[in-house]
Structure formats: C-alpha cells, structure tokens
Amino acid sequence: MRYLIISDIHANLVALEAVLADAQEFDQVWCLGDLVGYGPNPNECVERMQDLPHISLAGNHDWAALGKLDLRGFNTDAREANLWTQAELKPAVREYLQSLPTHLVQDSFHLAHASPREPVWEYILDAGVAYANFAHFQTTVCLVGHTHIPIIFELDEQQQRCDTWIPPLPESMPVGTRRMIINPGSVGQPRDGDPRASYAILDTELAQWSFRRVAYPVEITQERMRARGLPRRLIERLELGR
Ligand code: ZN
C-alpha cells in the first residue's frame, strides 16, 4: 500500500491540488488535521478530501471552526480567520468535521493532530518534548502535525533521548523497527522557511518513507485571501514559509 501523509491543509486548495498531483498514485490519504482555518477555501478542501479514499483527524482549527474551542487561545489573525471560516462552512462540511477524531490507531500507526499526550494542543518542537511523548503511544511510529514543521524524532532508548532529522531527506528512509514520531509538515501553511507544500509518502511494499516538497502558485491563494478580506499577515507569511 502507498499512503499519502498530509497535515495542516488550512483551506489552501491550490497547495492541496499541487500535493495530490505531485504524489501521483496512492491508495489512501492519511490527513492529520487542520483542514480549515487561515486559508480561503475551507469547503472546497473538505469536499476534495471527501472525493478521495482517506482517513482524517480534526485539529485545533477544525474544532475552533465548529465552536468546540475557545478562540481566546488564538492570536488575533488566527481568530479573525477562524470567525470568517465559521461563517463560511456549509452544513455538510461542518457535519463532516464534527465526525473526525483527534487521534486514532490505523494499521499499527498512532495518528494524533498535535501529540499523543495532548492530541489537540501540544507542540512537539524539540527533542525533549518528543522524548516525553514516547510514553503516550504503544505503536512503533506516531504521526503528528500541528507545528507545520517537517521533522522526525527517533527514540534512543539506551541514551534516554531522541535524535532529530529534518526532511526532506536526500534519500527515502527505510521503515525499520525504530520508534519514531514523524511530522510530514504542512500542506497549506509551511513554517520552516520553505514556502513549498510539505508531505510524506509511506510505501509499505517498498518499506520506505519519502519526504517531499512541492512548489505551488502561492499568489493564487494570496489573491483569494485578499478577495475574502482575510488578515494581511496571514497572506504575506505564505510566500515566506513562516
Ligand atoms: Zn495547523
């Protein structure tokens, strides 16, 4: 099986289409949450996902768009974009988002939007936080999103610490027996200084991971955001990847 692993689409349909085209063939999409929030095409992104064989989690922005989270935890721009999203969502899209879990186990992989310890909110940004999270899932590998930064944390049980790898890696990485927390990065709002959409492919027949970036026409998404009156800082950050 060939799985397309994506996260944090954030209503950026142009970036999502670029990833789907670049990934070519896959059997199923695993989406780690935050389909909406920030971007201009929340309904279209959800409907595009529904066309595909997929599983998906809900993230904090999805919950906020459903009124399940207090927006006071968001910064001003995120709050403004989320209020716009709330008003925009079609009833059927709301119902779909409502049905999504924040974490699940699929084919012996643990999937969580933010972290296995705190699936909605915790940011796994460093090896210390990653190390603490290995006690909170049973599978060999856990997949997370939420930080919008592609990263791999590999557990070193003897040394009681994690090694950190930054994708994209020059070669594909074997699926081994090592315990890892893997973040494929963000499709719709990368924050590692590279504006290209980020994603991963898991090929269980070849037993390998590949981590990829694909350029997309950022200016089309920016123009759509301007037309919808979304916050300027959110529009500008897309071309910076920050
Ligand atoms: Zn996000």
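The values are calculated or read from the model by the stated rules, or taken from the named source; none is laboratory data. Since this is a predicted model, take the numbers as computed values, not measurements. For neighbour counting, all protein chains shown are included, and Cβ atoms are generated from backbone atoms with ideal geometry for every residue, glycine included. Each accessible area value is taken on the protein alone, full model and side chains, heavy atoms only, with ligands, DNA and RNA left out. Shrake-Rupley method; radii C 1.70, N 1.55, O 1.52, S 1.80 Å.
With contacts taken as Cα pairs under 8 Å at a separation of at least 6 residues, the chain carries a relative contact order of 23 percent.
Against the chain, whose longest principal axis comes from its Cα atoms, helix 218-227 is set at around 40 degrees. Which of these, T140, T221, T204, has the largest mean-square fluctuation under a Gaussian network model of the chain (Cα springs below 10 Å)? Evaluated over the chain, the most mobile residue of the options is T204.
Largest first, the extents of the alpha carbon coordinates of the range 2-237 on the three principal axes equal 52, 36, 32 Å. With the convex hull of the Cα atoms taken as the outline of the range 42-136, the averaged projected area works out to 7.1 nm². Solvent-accessible area per residue in the chain equals 42 Å², computed with a 1.4 angstrom probe and all protein chains kept. Once the dipole of the chain is set up with Lys and Arg at +1 and Asp and Glu at -1 on Cβ about the Cα centre, which of H136, P174, L4 lies farthest towards its positive end? It is H136, whose Cα lies furthest towards the positive end. When the GluC sites (Glu not before Pro) in the range 101-203 are filtered for DSSP coil states and for at most 15 other beta-carbon atoms within 10 Å of their beta-carbon, the remaining sites are E157, E171. In plain terms, if you count all Cα to Cα distances in the range 101-178 and split them into 10 Å steps from zero, the share in each step is 18, 54, 28, 1 percent. Note on the chain: with charges restricted to the Cβ of Lys and Arg (+1) and Asp and Glu (-1), its dipole about the Cα centre is near 620 debye. When +1 charges are put on Lys and Arg Cβ atoms and -1 charges on Asp and Glu Cβ atoms, the dipole computed for the range 150-207 relative to its Cα centre reaches about 200 debye.
Per-peptide packing, taken as the mean over residues of other Cβ atoms within 10 Å, places 5-14, 97-106 in the sequence 5-14, 97-106 from highest down.
The charge dipole of the range 44-175, taken about its Cα centre with unit charges on the Cβ of Lys, Arg, Asp and Glu (plus for the first two, minus for the last two), comes to roughly 380 debye. Hydrodynamic radius of the range 149-242 by the Kirkwood approach over all distinct alpha-carbon pairs: 14.9 Å. DSSP finds beta bridges in the chain, and of those with both partners inside it, around 65 percent are antiparallel.
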